[in-house]
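**Q** Here it is, the structure, as structure tokens.
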Amino acid sequence: MPAKPQIAIVGPGRLGGALSFALTAAGYRVSEVISRVTPSSQKRARDIARKTRSFSTTLKTANLKSDLIWFCVPDREIARAARALIPSAEWKGKVAFHSSGALASGELNVLRRRGAAVASVHPMMTFVRGSIPSLKGVAFALEGDAKAIRLARKITRDLGGDAFPISKVDKIAYHAWGGFGSPLLVAMLVTAERVAKAAGLSAAQARKIMMPIVRQTLANYIALGPAAAFSGPIVRGDVSIVRKHMRKLRKIPRAKEVYVALARAAMQYLPSRNRKELGKILAL
């Protein structure tokens with residue numbers, strides 16, 4: 001296999017687009033972007049192909065002369081897309097990746113049985129519409145066949161990322177961990193917006209005002225560790241303030257439950273005073 005193999009991207013969604021752009025910038029040739037036959041999926045594939053000077057095809061018309069086929073489709077679609085592409089190539093000697101954080105490389109067993117080396121290659125990053133994140137410094141969790149893992153490590157380095165191995169039995173815990181780092185963090189922040197509304201602020205005002213403290217908290221967490229970054233009434237053991245918080249939050253849907261869950265986690269993992277008294281309040 002060449003030092004920088006040609007790559008076919010299966011799935012023109014947010015992840016597929018971000019990978020296509022990053023791979024192209026790193027000197028890889030994205031040979032084709034493969035979509036479903038729906039008009040919206042084909043349009044996205046054409047847009048990515050135009051920007052990466054590649055070709056857009058579908059699951060029915062794919063060429064698959066590439067050395068590496070990288071599946072960037074939803075988890076439930078991985079095995080189905082792999083089966084659909086079986087007739088499009090001679091799979092012996094090829095490498096196939098998928099980028100599910102939760103599922104193991106076995107989702108590509110239909111290709112493995114035909115001679116392909118397969119792996120799950122998942123970047124610990126969030127991909128949303130309207131944002132194309134850099135992959136520099138991003139960690140990629142790798143699991144699968146030795147040949148595929150060797151190639152994944154090289155590509156990860158070329159993208160400026162860091163690769164680490166993950167066992168297939170640990171992938172669900174790994175994926176849940178990622179959930180705390182992004183989507184559940186957003187859920188906590190949007191709950192904070194609702195609390196800000198009770199203080200008389202709009203959601204837009206809340207986001208603007210919260211950003212400095214959120215950024216500083218993350219900076220403290222990274223530089224100093226969780227215990228040193230932890231502040232507020234729990235660490236001080238300020239029972240009266242926590243009690244007042246609880247009374248107010250009862251009037252805001254879900255806010256009390258979120259507060260209690262996070263406060264209990266803080267008491268479990270972080271320094272805090274007056275644990276017995278706080279525990280009684282948080283048990284209400």
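FYI, it's all coordinate maths here, none of it is from the lab. Model, not experiment: these values are computed from the prediction. Positions of Cβ are backbone-derived with ideal geometry, glycine not excepted, and every protein chain shown enters the neighbour counts.
**Q** List the residues, sorted by chain then number, that are 5 or more residues from Ala139 or on another chain and whose placed amide H is less than 5 Å from its amide H.
**A** Amide H neighbours of Ala139: Met124, Asp162.
**Q** Something else: Please give the length that would be gained between Leu201 and Lys168 if that part of the chain were fully extended, namely 0.36 nm times their separation in residues minus their C-alpha to C-alpha distance (nm, one decimal). Mind showing how you got there, number by number?
**A** Values: separation 33, 0.36 × 33 = 11.88 nm, distance 4.56 nm.
Extra length from Leu201 to Lys168 when fully extended: 7.3 nm.
**Q** Relative contact order, percent, of the chain when contacts are C-alpha pairs under 8 Å separated by at least 6 residues? The partial results should precede the final answer.
**A** On the way: 440 pairs, mean separation 31.2, N = 284.
Contact order relative to length: 11 percent.
**Q** Return Trp177, Trp91 ranked ascending by Cβ neighbour count within 10 Å, so the fewest neighbours appear first.
**A** On the way: Trp177 12, Trp91 22.
So the ranking, lowest neighbour count to highest, is Trp177, Trp91.
**Q** With the contact rule set at Cα under 8 Å and sequence spacing of 6 or more, what percent relative contact order holds for segment 124-234?
**A** The value is 16 percent.
**Q** To the nearest 10 degrees, how steeply does helix 203-224 sit against the main Cα axis of the chain, on a 0 to 90 scale?
**A** Orientation of helix 203-224: about 80 degrees from the principal axis.
**Q** Here's another thing I want to ask about it. How much FRET efficiency would the formula 1/(1 + (r/R0)^6) give for Ser134 and Asp238, where r is the Cβ-Cβ distance and R0 is 41 Å, rounded to 0.05? It would help to have the intermediate numbers written out before the result.
**A** Working: r = 41 Å, r/R0 = 0.99.
Efficiency computed from Cβ-Cβ geometry: 0.50.
**Q** Between (1) 19.7, 65; (2) 23.2, 70; (3) 18.2, 64, which matches Rg and Dmax of the Cα atoms in Å calculated for the structure shown?
**A** Computed from the coordinates, Rg and Dmax of the Cα atoms in Å corresponds to (2).
**Q** Between Ile213 and Met1, what is 0.36 nm times their sequence separation minus the Cα-Cα distance? Round to one decimal in nm. Mind showing how you got there, number by number?
**A** Numbers: separation 212, 0.36 × 212 = 76.32 nm, distance 4.90 nm.
Result for the pair: 71.4 nm of gain on full extension.
**Q** For segment 171-284, what relative contact order do you get, as a whole percent, if you take Cα pairs closer than 8 Å and at least 6 residues apart? Spell out each step's value before the answer.
**A** Working: 72 pairs, mean separation 29.1, N = 114.
Over segment 171-284, the number comes to 26 percent.
**Q** Once fully extended, how much extra length lies between Asn109 and Gln268, figured as 0.36 nm per residue of separation less the alpha-carbon to alpha-carbon distance?
**A** Contour length minus Cα-Cα distance gives 53.1 nm.
**Q** Just tell me the longest site-free run in the chain, where the sites are trypsin sites (Lys or Arg not before Pro) in a DSSP loop having at most 15 other beta-carbon atoms within 10 Å.
**A** Values: sites that count: Arg53, Lys60, Lys65, Lys92, Arg113, Arg114, Arg129, Lys136, Arg250, Lys251, Arg254, Arg273.
The longest such stretch corresponds to 137-249.
**Q** Rg and Dmax in Å for segment 148-260, alpha carbons only: what are they?
**A** 19.0, 57
**Q** Enumerate the calculated ³J(HN,Hα) couplings along segment 243-256 in order (Karplus 6.51 cos²θ - 1.76 cosθ + 1.60, θ = phi - 60°), each rounded to whole Hz, writing x wherever the residue is Gly or Pro.
**A** So the J values, rounded to whole Hz, are 4, 5, 3, 4, 4, 5, 6, 4, 8, 10, x, 6, 5, 4.
**Q** Something else: Would you mind counting up the charge near Glu90? Only other residues with Cβ under 13 Å from its Cβ, with Lys and Arg at +1 and Asp and Glu at -1. Don't jump to the answer; show the numbers that get you there.
**A** Details: positive: Lys65, Lys92, Lys94, Arg114; negative: Asp67.
Neighbourhood net charge equals +3.
**Q** Between Arg157 and Lys60, how many nm apart are label points set 7 Å from Cα along the C-beta direction?
**A** The two pseudo-label positions are separated by 4.3 nm.
**Q** Could you pull out every residue, at least 5 positions away or on a different chain, whose amide H is within less than 5 Å of the one on Val10? Hs are placed 1.01 Å off N in the peptide plane, and Pro or chain starts have none.
**A** Hits under the 5 Å cutoff: Ile34, Trp70, Phe71, Cys72.
**Q** Sticking with this structure for a sec: Quick one: check the C-alpha center-to-center distance for segment 1-76 versus segment 82-119, whole angstrom.
**A** Segment 1-76 and segment 82-119 have Cα centres separated by 15 Å.
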